[in-house]
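Below: one structure, written as structure tokens.
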Amino acid sequence: MADVLLGRVNPSGKLPCAFPSRPEDLPVFDRDATRIVYDLWHGYRKMERDGAEPAFPFGFGLSYTRFDYRGLRLAKSELGPSDALEAALEVTNDGDRVGGEIVQLYVAPIGSAAARAERAESLRARRPRCGRDARRASCRPGSRSRLLR
């Protein structure tokens, strides 16, 4: 931990959840309840639905270096119900330190009948709601990694 705080080791993790800015952005809590149903409306989905700005959004992370993403390519522009999404992109370490980057891929269904949060435009993260995949790219300064899925 000291090496991370002193900048000798580059942190490269991403949050697997969102942290709200205000207590009222959390789901209702009743310590006397014997059963509570939240369905989809908790965590980042609740904040998106309500238009609440998270203190730290889903996927937030820190680094002592900078990464550039380029050349995102999808194998298909449309997918059928049983198709797999195939994507490729290049990640470049534009900073002056060795670092690792977690590249996250997000998707959202078009025309789904299921209830979903539709207020992502108000969030700092500005990304669709469904995390689909993540890959790690480890790069020396100035080097590139090509990620495929």
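The values are calculated or read from the model by the stated rules, or taken from the named source; none is laboratory data. Everything numeric in this text was worked out from a predicted model, so none of it was measured. Note: ideal-geometry Cβ built from the backbone for every residue, glycine included; neighbour counts use all protein chains shown.
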May I ask you to verify whether G71 is on the phi > 0 side of the Ramachandran plot and in a loop (DSSP other than H, G, I, E, B)? no
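Among the residues in the range 44-52, are any under 30 Å from R97 (Cβ atoms) and either free of Cβ contacts under 8 Å to residues at least 40 places away in the same chain or of a type outside the set (A, V, I, L, M, F, W, C) (or both)?
yes
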Over the range 1-10, the set of residues in a loop (DSSP other than H, G, I, E, B) and loosely packed, with under 13 Cβ neighbours inside 10 Å is M1, L6, G7, R8
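The rows are residues; the columns are (1) surrounded by fewer than 14 Cβ atoms within 10 Å (Cβ to Cβ); (2) under 19 Å from the mean Cα position of the chain (by Cα).
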site	(1), (2)
F60	no, yes
T65	no, yes
Y69	yes, yes
A75	yes, no
G80	yes, no
A84	yes, no
E90	no, yes
G95	no, no
V98	no, no
Scan the range 8-26 and report the pairs whose first residue is in contact (Cβ under 8 Å) with a residue 40 or more places away in the chain and farther than 18 Å from R66 by Cβ and whose second residue is in a loop (DSSP other than H, G, I, E, B) and of a type in the set (F, W, Y), with Cβ atoms within less than 7 Å and a gap of 6+ or a chain change. L15/F58; L15/F60; C17/F58; A18/F58
The number of residues in the range 12-67 that are outside any loop (DSSP other than H, G, I, E, B) and closer than 30 Å to R140 by Cα is 2
Which residues, taken from the range 87-116, are in contact with a strand residue (DSSP E or B) (Cβ under 7 Å, 6 or more places away or on another chain) and assigned to a loop (DSSP other than H, G, I, E, B)? D94, A108
Conditions (1) surrounded by fewer than 15 Cβ atoms within 10 Å (Cβ to Cβ); (2) more than 16 Å from the chain's Cα centre (by Cα); (3) at pLDDT 85 or above: number failed by R146: (3)
Any hit, the range 96-115, residues being of a type in the set (S, T, N, Q) and touching a residue at least 12 places away in the same chain (Cβ under 8 Å): yes
Among the residues of the range 31-54, count how many are within 14 Å of the chain's Cα centre (by Cα) and on the phi < 0 side of the Ramachandran plot. 4
